[in-house]
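Asker: One structure, as structure tokens, below. Some questions next.
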Amino acid sequence: MGDAELTNMVRRVVDGNLYLTLGTVEPDGLPRLSPVYFTHDAYRTFYWLSAPDAQHSRNVARQPEITAVIYDSSVIPGDNPQAVYLTATAQRVPDDELTAECAVAFRTMRGGIEASTPEDLTAPAPLRLYRATATSYAVHIRGSHPTRGRGTDSRVPVTMP
């Protein structure tokens, strides 16, 4: 499994799923995991909608470094589960950037979700647009993989072009 194959795995997993598990840090230092519907731009920037008073949104505002995992939960155990792990810097999209960012975030809507406009995402509306810019990637490799397996499942770093 070469670098191009690992890059293609990232693309396949990201494109094949509607939700990511967002990992933020609680004020007490414990992790908070939240499923969010997402879109992306060029596998580099990931977008989701959330209420600014949701705990994970407050966590992002306080500590913008996040982690995320995207995976297909419908895969039967042992049937080559594939996952992409991300580290990223996240933030609420500022109101003055919403016009440009909505055009990007909502151009690839999937799963029957309708695009939002900047007016839909400013006060007093309940939701805001968030983005995370990926800083690193890794993929899940099962322990029995013929060329990359190590006997136990592992994460292999991937450099995205």
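Asker: Given 139, 69, 158, 75, which one is over 17 Å from the mean Cα position of the chain (by Cα) and under 19 Å from residue 15 (Cα atoms)?
Answerer: One residue alone meets the criteria, 75.
Asker: May I ask you to say which residue of 79, 72 is in contact with a Pro (Cβ under 8 Å, 6 or more places away or on another chain), at pLDDT below 95, surrounded by fewer than 18 Cβ atoms within 10 Å (Cβ to Cβ) and of a type in the set (D, E, K, R)? If you could, list the steps in order and put the result at the bottom.
Answerer: Details: 79 fails: in contact with a Pro (Cβ under 8 Å, 6 or more places away or on another chain).
72 is the lone residue from the list that is in contact with a Pro (Cβ under 8 Å, 6 or more places away or on another chain), at pLDDT below 95, surrounded by fewer than 18 Cβ atoms within 10 Å (Cβ to Cβ) and of a type in the set (D, E, K, R).
Asker: Select from region 38-53 the residues that are more than 16 Å from residue 98 (Cα to Cα) and surrounded by fewer than 16 Cβ atoms within 10 Å (Cβ to Cβ) and list them in ascending order.
Answerer: 42, 44, 53
Asker: Return yes or no: is residue 7 closer than 26 Å to residue 139 by Cβ and in contact with a Ser or Thr (Cβ under 7 Å, 6 or more places away or on another chain)?
Answerer: Spelling it out, it is not the case that residue 7 is closer than 26 Å to residue 139 by Cβ and in contact with a Ser or Thr (Cβ under 7 Å, 6 or more places away or on another chain).
Asker: A further question follows. Among the candidates 103, 88, which residue alone is open to solvent by less than 50 Å² (accessible area, probe 1.4 Å), modelled with pLDDT of 90 or more and on the phi < 0 side of the Ramachandran plot?
Answerer: Values: 103 fails: open to solvent by less than 50 Å² (accessible area, probe 1.4 Å).
Selected residue: 88, the only one of 103, 88 that is open to solvent by less than 50 Å² (accessible area, probe 1.4 Å), modelled with pLDDT of 90 or more and on the phi < 0 side of the Ramachandran plot.
Asker: Is it the case that some residue within region 41-56 is over 20 Å from residue 157 (Cβ atoms), of a type in the set (Asp, Glu) and assigned to a strand (DSSP E or B)?
Answerer: So far as region 41-56 goes, yes, one or more of its residues are over 20 Å from residue 157 (Cβ atoms), of a type in the set (Asp, Glu) and assigned to a strand (DSSP E or B).
Asker: Can you find, within region 108-161, the residue that is least open to solvent (accessible area, probe 1.4 Å) among those that are without any contact (Cβ under 8 Å) to a residue 40 or more places away in the chain and closer than 20 Å to residue 19 by Cβ?
Answerer: The extreme case among them is 115.
The values are calculated or read from the model by the stated rules, or taken from the named source; none is laboratory data. Predicted model only: the values in this text are computed from it and were never measured. Here Cβ is always computed from backbone atoms with ideal geometry, including for glycine, and neighbour counts include all displayed protein chains. Side chains included, ligands, DNA and RNA excluded: accessible areas come from the protein's heavy atoms. Shrake-Rupley method; radii C 1.70, N 1.55, O 1.52, S 1.80 Å.
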